[in-house]
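Heads up: the structure comes next, in structure tokens.
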Amino acid sequence: MIEREVYDVEPWAVRERGLDLDLLGQSESVFALANGHIGLRGNLDEGEPFALPGSYLNAFYEVRPLPYAETAYGLPDAGQTIVNVTNGKVLRLLVDDEQFDIRYGDLLQHERVLDLRDGVLRREVHWRSPTGREVRVRSTRLVSFAHRSVGAISYEVEPLDRSLRIVLQSELVANEPVTERTGDPRAAAALRAPLISEHHAHHDLRANLIHRTRSSGLRMAAAMDHIVEGPEGTITGVESEPDLARMTISTELAPGKPLRVVKLLAYAWSSQRSAPSLRDQVDAACASARRVGWKGLFNEQRAYLDDFWEHADVELDGDAALQQAVRFAIFHSLQAGARAERRAIGAKGLTGTGYDGHSFWDMETFLLPLLTYTIPDAAADALRWRHSVIDLARERARVLGRDGAAFPWRTIRGQECSGYWPAGSAAFHINADIADAVRRYRLATGDEAFEHEAGVELLVETARLWRSLGHHDAAGTFRIEGITGPDEYSAICDNNVFTNLMAARNLVEAAEAAARHPDRAADLGVDEEEMAAWRDAAAKMAIPYDEELGIHPQADNFLHHRRWDFAHTTEDQYPLLMSYPYYELYRSQIVKQADLVHALWLCGDRFDEEQKARDFAYYESITVRDSSLSAAPQAVVAAEVGHVELAFDYFGETAFIDLRDLAGNTHDGLHIAALAGAWLVAVCGFGGMRDHTETPSFSPRLPSRLQRLAFRLMIRGRRLAVEIRPGEATYALLDGDEELLLTHHGEEITVVPGAPETRELPPIPRRRPPVQPPTREPRRRHVEA
């Protein structure tokens, strides 16, 4: 955890005024740039030093073996790992033959700024070489939202005290050496120099490299071009070899006479297209970027983000640091998925190699709500990716002996990659999470074409899985047994409440979608009998309840497990999975992350207010939050049941997960789900937004440490603005010419364009504060007056 303030507090930027090599890995993740297709870690321009060099293409992976001490039926035999592709960020500088390296000489100034409005990373360095030569270097880096395949760097070097000989080397580098983070030599070998050269070429100030992976057979191309502005006598040269292309500039500069270089980058990959085809694509992308130029790329980036923030900004009055953190979180959520375009969105986005670049339920449950209500096309593309791999999910279901489709717990391409069998073979709730994202997208957009094209099939095949996975007992109750719910400290349980409620919703939604689209239902072989079976299973779904305690067990028999001995658990033993065998965790009432509490939110229409309060209080006392996915759901439900100040503390935890490195692993990449969780807490927690029905509902509550909260949502093509102040909430339609029906704390309101509606906030229920396990309470968020 970062205990001190590393970044200045600003409303629209993250500024680092020095360079701490001990925090280099964290800053590389924080300053990463991406657009959902290309990801560039925030490595230094000169390439060294680094913690983790990183250039990524979404879904470009290598296959690696999955080791097992003992094999078993149904376990995947291969994994997929995101590849560090050809690095185009490198710009090496020599000053009078001295290599510019911040570890040598004197670093007189070093500042980096991630600009959330412009969508660029700026850097300014004042360096004195070991021989006393002083230069100032300024660079600005972007990954374009407007040009999906393009990145660019504007680089300027200027002598400060005397004329200097300057050499600048701009490179494309493949197969960079990286630290091996696996103990399995077979996996390490698969990822060591994973790219095989197929082509290299250079011409004028351009160069390109083409490679393919050894095992997965994917092919990628990278190209660079340059625009050079230097004094008379400046010379350039370009060369290439299998794993390196280099453009070299040599000149002599006088003080006040800088050398300016714009480096244009283009990336493309395919599993099917030829090397010449990819070569032509990146060359064309470079040509297009060169025509637009640096100014054009920059202006288009700003225009894209101006439009995005008009739809997605969350404004907070009363906590400047939290305001910055929330915008940082939204920005990186955008970078993870904006131009993913029918590819999976990984848990780390494209900011690092954590989780091998895999996508989990994080995508549908945490990130897609944000995308659905801000840039819905990106959400649709993510769901279309799920639809594109539905045949693999069907095949997986057959392996597991089930009907329908069993989507993978973790994957890049669509195959199951989890070697941990309680997840990869039993965490079936991901199928209902996908179905719920389909439902949410339809309600938010009214996109009937998407539902007809992809949504119906996703709902039908996931419903078929539940119908074949569960069974009716002698009393007629529909039971789903032997599965793993969201809580990873419980496994292979019966009738997990979260899973069963989400499955019931999945079954009902599938029947309704089939009824809305009878032609698609007929294509999929759905008949009235099957639809009736889905509805019957949903109506009779087992939902465990303990009458004596008046709460819901997380799953059957959960409340019979032993209570955890918190008194003899020290703070350094967390996370518990690093200190105790899973056997001890599985047989105890100990919760890693919100599970039953998450159900109180996502399936809140199945619980009354008092029931939610009792359930929340019980599970708050045994939830240890050893997962970054927990704080956001706990905050949302805490706000709903009246613990608004506790919700505010959890809000800070999820928003600062990476800016403060609260989990201690930001160096591996950002926690995209937790960052999206900051938006969820603002909108669904304090905004009280729910989308259980066709009519969106809001139950706003404002914590005392904020004077104002405002956010905007895209709902069926209309932009709704919600503003919450002490005692009141205002709803306004900012565009469109149709009215919008919504509810405010249960009261129906019709909002008309140009006529905001303001309503009072009811009193917040007064309840006894819940108690967290010792040392596991969220850090109190202190706000300076």
Selection from region 280-304 of residues that are of a type in the set (F, W, Y) and either surrounded by fewer than 15 Cβ atoms within 10 Å (Cβ to Cβ) or farther than 11 Å from V262 by Cβ (or both): Y304
Any chance G476 is surrounded by fewer than 24 Cβ atoms within 10 Å (Cβ to Cβ), out of contact with any Phe, Trp or Tyr (no Cβ under 7 Å at 6 or more places or on another chain) and small (G, A, S): yes
Filter region 390-404 down to the residues that are closer than 21 Å to Y420 by Cβ and within 24 Å of the chain's Cα centre (by Cα), then identify the one that is surrounded by the fewest Cβ atoms within 10 Å (Cβ to Cβ). L392
Got a sec? Which of T743, T730, T695 is open to solvent by 10 Å² or more (accessible area, probe 1.4 Å), in contact with a Ser or Thr (Cβ under 7 Å, 6 or more places away or on another chain), polar (S, T, N, Q) and within 21 Å of L316 (Cβ to Cβ)? T730
Filter region 71-111 for residues that are free of Cβ contacts under 8 Å to residues at least 60 places away in the same chain and part of a strand (DSSP E or B); which is surrounded by the most Cβ atoms within 10 Å (Cβ to Cβ)? E98
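Tell me, which strands (runs of 3 or more DSSP E) lie completely within region 688-785 with 3 or more residues that are within 29 Å of D436 (Cβ to Cβ)?
Answer list for region 688-785: 708-715, 718-725, 728-733, 740-744, 747-751.
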Condition met for E571 (of a type in the set (D, E, K, R), surrounded by fewer than 19 Cβ atoms within 10 Å (Cβ to Cβ), touching a residue at least 40 places away in the same chain (Cβ under 8 Å) and at negative phi): yes
Of the residues that make up region 507-519, is at least one over 19 Å from Y441 (Cα atoms), at pLDDT 95 or above, surrounded by fewer than 23 Cβ atoms within 10 Å (Cβ to Cβ) and over 32 Å from the mean Cα position of the chain (by Cα)? yes
Of these, H147, H126, which one is open to solvent by 10 Å² or more (accessible area, probe 1.4 Å), outside any strand (DSSP E or B) and either among the small types (G, A, S) or at pLDDT 95 or above (or both)? H147
Boolean, R165 is in contact with a Ser or Thr (Cβ under 6 Å, 6 or more places away or on another chain), modelled with pLDDT of 95 or more and open to solvent by 10 Å² or more (accessible area, probe 1.4 Å): no
Looking only at residues that are open to solvent by 40 Å² or more (accessible area, probe 1.4 Å) and within 23 Å of Q593 (Cβ to Cβ) in region 536-545, which one is nearest to the chain's Cα centre (by Cα)? I543
Between H472, H517, which is touching a residue at least 40 places away in the same chain (Cβ under 8 Å) and either within 13 Å of M531 (Cβ to Cβ) or acidic (D, E) (or both)? H517
Filtering region 36-70 for residues that are out of contact with any helix residue (DSSP H, G or I) (no Cβ under 7 Å at 6 or more places or on another chain), of a type in the set (S, T, Y) and either more than 30 Å from Q99 (Cα to Cα) or not in a strand (DSSP E or B) (or both) leaves a count of 1
I'd like the residue in region 1-35 that is part of a loop (DSSP other than H, G, I, E, B) and acidic (D, E) and, out of all such residues, is most open to solvent (accessible area, probe 1.4 Å). E3
Residues satisfying the stated conditions in region 1-18, i.e. at pLDDT below 95 and hydrophobic (A, V, I, L, M, F, W, C): M1, I2, V6
Can you tell me which of Q573, Q589 is touching a His at 6+ places or on another chain (Cβ under 7 Å) and modelled with pLDDT of 95 or more? Q589
Among the residues of region 229-238 satisfying the criterion of being out of contact with any Ser or Thr (no Cβ under 6 Å at 6 or more places or on another chain) and either assigned to a strand (DSSP E or B) or among the charged types (D, E, K, R) (or both), which is surrounded by the most Cβ atoms within 10 Å (Cβ to Cβ)? V238
Single unsatisfied condition, E315 versus (1) over 30 Å from S704 (Cβ atoms); (2) open to solvent by 20 Å² or more (accessible area, probe 1.4 Å); (3) not in a loop (DSSP other than H, G, I, E, B): (1)
Run down R759, R780, R766 and say which single residue is surrounded by fewer than 17 Cβ atoms within 10 Å (Cβ to Cβ), closer than 24 Å to W679 by Cα, of a type in the set (K, R) and modelled with pLDDT under 95. R780
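The values are calculated or read from the model by the stated rules, or taken from the named source; none is laboratory data. The shown structure was predicted, so the numbers you read here are calculated from the model rather than taken from an experiment. Using ideal geometry, Cβ is built from the backbone for each residue, glycine included, and neighbour counts are taken over all protein chains shown. Surface accessibility is based on the protein's heavy atoms, side chains included, excluding ligands, DNA and RNA. Shrake-Rupley method; radii C 1.70, N 1.55, O 1.52, S 1.80 Å.
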